[in-house]
Amino acid sequence: MINRRQWLYGVGLAGAGTQLGWASPASPDAKPTPIPLELSQYEPKSMLQVHESKVDRSKFPLIDFHTHISVAAKSEKGVELTPDRQYLGTPQELLAVMDRKNIQTMVNLTGGYEKGLAEAVTKYDRAHPGRFLTFTEPSYSRLKEANYPKLQAQAIEQAHTDGARGLKILKTLGLYLRENITSGTLVKIDDPRFDPMWDACGQFNMPVAIHISDPVAFFTPTDRFNERFEELNNHPDWSFYGADFPSNAALIEARNRVMARHPKTQFVTLHFGNFSENLQNVGENLDRYPNMHVDMAARIGELGRQPYTSKKFFDKYQDRILFATDATPHGDEFPQQVFNDQLYEIYYRFLETEDEYFDYAPAKIPPQGRWRIYGINLPDAILRKVYHDNAARLLRV
Ligand SMILES: [Zn+2]
């Protein structure tokens with residue numbers, strides 16, 4: 001059976017509808033009027049019907065090497081200015097999720113220094129042995145003191161005595177810290193004033209968890225070609241394009257010089273060496289620097305969109321990769337790192353299944369770029385190392 005429109009075409013009368021007084025159907029030749037749609041309103045639902053696994057618990061007990069349970073009570077222009085801590089979650093609420101999700105230990109990287117650090121260690125590590133480990137941070141507000149290099153090395157020793165298990169470097173170093181703390185020229189990652197600090201970490205077997213740089217897209221213009229346009233548009237202060245910011249490559253090179261200069265210090269380069277868009281580069285650096293390791297925090301969006309490359313990488317560098325999430329209790333504003341059950345289930349699904357095309361964050365819109373990810377289904381021997389053994393070796397637990 002043919003409908004009226006097909007019939008009109010058939011007899012060469014198409015387009016004659018109006019003249020004939022009929023309601024005209026849209027002609028295939030007429031210009032369509034697209035429905036206006038704000039990018040932020042676009043929430044396409046995948047029509048793919050593929051297997052969905054629910055992984056409630058990790059296959060092996062794990063150490064989450066990268067979390068933020070406490071933060072500095074005061075910072076200015078990206079520089080922490082006080083040892084005082086703010087706590088984002090109580091041990092009790094964290095332990096409930098940890099027990100459900102098979103998380104043996106959470107490493108709180110932002111433990112601060114001096115009395116703030118001692119307080120964090122008391123509240124978490126000492127109150128719940130084996131469940132929490134705390135890292136210290138440099139006290140950049142002392143940078144201008146003449147004997148800062150020595151003071152900072154001594155502060156590492158004191159932090160070690162107070163119970164710190166490692167040193168955390170935020171991207172403050174390289175992107176925010178300036179000669180006059182919050183003004184002047186940027187201080188370089190390989191500034192020699194920090195050399196005694198790096199050495200002290202090696203001396204006290206404290207791994208350095210170092211975050212430098214950011215996703216490469218943050219160093220390019222926030223425009224229609226930027227694959228993280230929405231994220232940068234929502235957080236313009238995350239862009240390091242222009243001004244006096246160094247390039248991503250320059251930051252990575254400065255970090256590499258630090259690792260080369262301090263071979264006895266172990267470095268965990270966070271967020272997959274801060275170059276998860278280029279795993280070849282990360283691999284070359286791991287080959288070059290035996291004291292380099294990577295954590296996978298907040299980068300499964302990158303790893304999971306290149307599943308074949310990732311799987312090969314996890315196989316080749318299985319002794320150098322640490323499980324990590326960047327989890328932040330009540331960090332709902334950044335779903336890719338909010339500490340909750342769903343976040344961990346996504347990580348487990350990525351590592352343990354062959355599921356296809358699923359969300360990398362518990363969010364309606366993928367927050368770090370509009371794509372979805374694929375599981376890499378690692379074998380048990382690699383899972384054990386990534387979930388636990390590699391971190392346990394570095395942390396000496
Ligand atoms: Zn972090």
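Within segment 364-382, not a single residue is within 16 Å of the ligand (Cβ to nearest atom), among the β-branched types (Val, Ile, Thr) and in contact with a Gly (Cβ under 9 Å, 6 or more places away or on another chain). Condition check for residue 234 on (1) surrounded by 18 or more Cβ atoms within 10 Å (Cβ to Cβ); (2) over 18 Å from residue 188 (Cα atoms): one failure, at (1). Of everything listed in (1) over 30 Å from residue 278 (Cα atoms); (2) surrounded by fewer than 20 Cβ atoms within 10 Å (Cβ to Cβ); (3) among the small types (Gly, Ala, Ser), the single unmet condition for residue 164 is (2). For segment 192-217, a residue qualifies if it is more than 16 Å from the ligand (Cβ to nearest atom) and either at pLDDT below 95 or of a type in the set (A, V, I, L, M, F, W, C) (or both), and the qualifying residues are 194, 197, 198, 200, 201, 204, 206, 216, 217. Screening segment 239-252 for residues that are touching a helix residue (DSSP H, G or I) at 6+ places or on another chain (Cβ under 6 Å) and part of a helix (DSSP H, G or I) and picking the one that is farthest from residue 183 (Cα to Cα) gives 248. Scanning segment 69-122 for residues that are crowded, with 18+ Cβ neighbours inside 10 Å, touching a residue at least 40 places away in the same chain (Cβ under 8 Å) and of a type in the set (D, E, K, R) yields 80, 101. Taking segment 348-383 as the range and being of a type in the set (Asp, Glu), in a helix (DSSP H, G or I) and closer than 17 Å to residue 53 by Cα as the test, only 352 passes. Which strands (runs of 3 or more DSSP E) sit wholly inside segment 66-114 and have at least 2 residues that are more than 16 Å from the ligand (Cβ to nearest atom)? Result: 103-108.
With the requirement that a residue be of a type in the set (A, V, I, L, M), part of a loop (DSSP other than H, G, I, E, B) and either more than 25 Å from residue 341 (Cβ to Cβ) or within 24 Å of the chain's Cα centre (by Cα) (or both), what does segment 37-65 give you? It would help to see each step written out before you state the result.
We begin by selecting, within segment 37-65, every residue of a type in the set (A, V, I, L, M); these are 37, 39, 47-48, 50, 55, 62-63.
Going one step further and asking which of them are part of a loop (DSSP other than H, G, I, E, B), we end up with 37, 47-48, 50, 55.
Once the filter is applied, which keeps residues that are of a type in the set (A, V, I, L, M), part of a loop (DSSP other than H, G, I, E, B) and either more than 25 Å from residue 341 (Cβ to Cβ) or within 24 Å of the chain's Cα centre (by Cα) (or both), segment 37-65 yields 37, 47, 55.
Inside segment 271-291, residues that are under 22 Å from residue 226 (Cα atoms), in contact with a Lys or Arg (Cβ under 7 Å, 6 or more places away or on another chain) and not aromatic (Phe, Trp, Tyr) make up a count of 2.
Which helices (runs of 4 or more DSSP H) does segment 253-347 wholly contain that include 1 or more residues that are within 16 Å of the ligand (Cβ to nearest atom) and either closer than 27 Å to residue 92 by Cα or aliphatic (A, V, I, L, M) (or both)? Don't jump to the end; show me each part of the working.
Values: elements: 270-274, 279-288, 300-303, 307-316.
Ranges flagged: 270-274, 300-303.
Is it the case that residue 189 is part of a loop (DSSP other than H, G, I, E, B), crowded, with 17+ Cβ neighbours inside 10 Å and within 16 Å of the ligand (Cβ to nearest atom)?
On the way: part of a loop (DSSP other than H, G, I, E, B): yes; crowded, with 17+ Cβ neighbours inside 10 Å: yes; within 16 Å of the ligand (Cβ to nearest atom): no.
No, not satisfied.
Do we find a residue being over 25 Å from residue 389 (Cβ atoms), in contact with a strand residue (DSSP E or B) (Cβ under 6 Å, 6 or more places away or on another chain) and without any contact (Cβ under 8 Å) to a residue 40 or more places away in the chain anywhere in segment 322-332? First the steps, then the outcome.
We begin by selecting, within segment 322-332, every residue over 25 Å from residue 389 (Cβ atoms); these are 328-332.
After this cut, where a residue has to be in contact with a strand residue (DSSP E or B) (Cβ under 6 Å, 6 or more places away or on another chain) as well, the list is 331-332.
Next cut, without any contact (Cβ under 8 Å) to a residue 40 or more places away in the chain only: 332.
Checking segment 322-332: at least one residue is over 25 Å from residue 389 (Cβ atoms), in contact with a strand residue (DSSP E or B) (Cβ under 6 Å, 6 or more places away or on another chain) and without any contact (Cβ under 8 Å) to a residue 40 or more places away in the chain.
The values are calculated or read from the model by the stated rules, or taken from the named source; none is laboratory data. It should be emphasised that the depicted structure is a prediction, and the values quoted were computed from it without experimental measurement. Methodologically, a virtual Cβ is constructed for each residue, glycine included, from the backbone with ideal geometry; neighbour enumeration extends over all protein chains shown.
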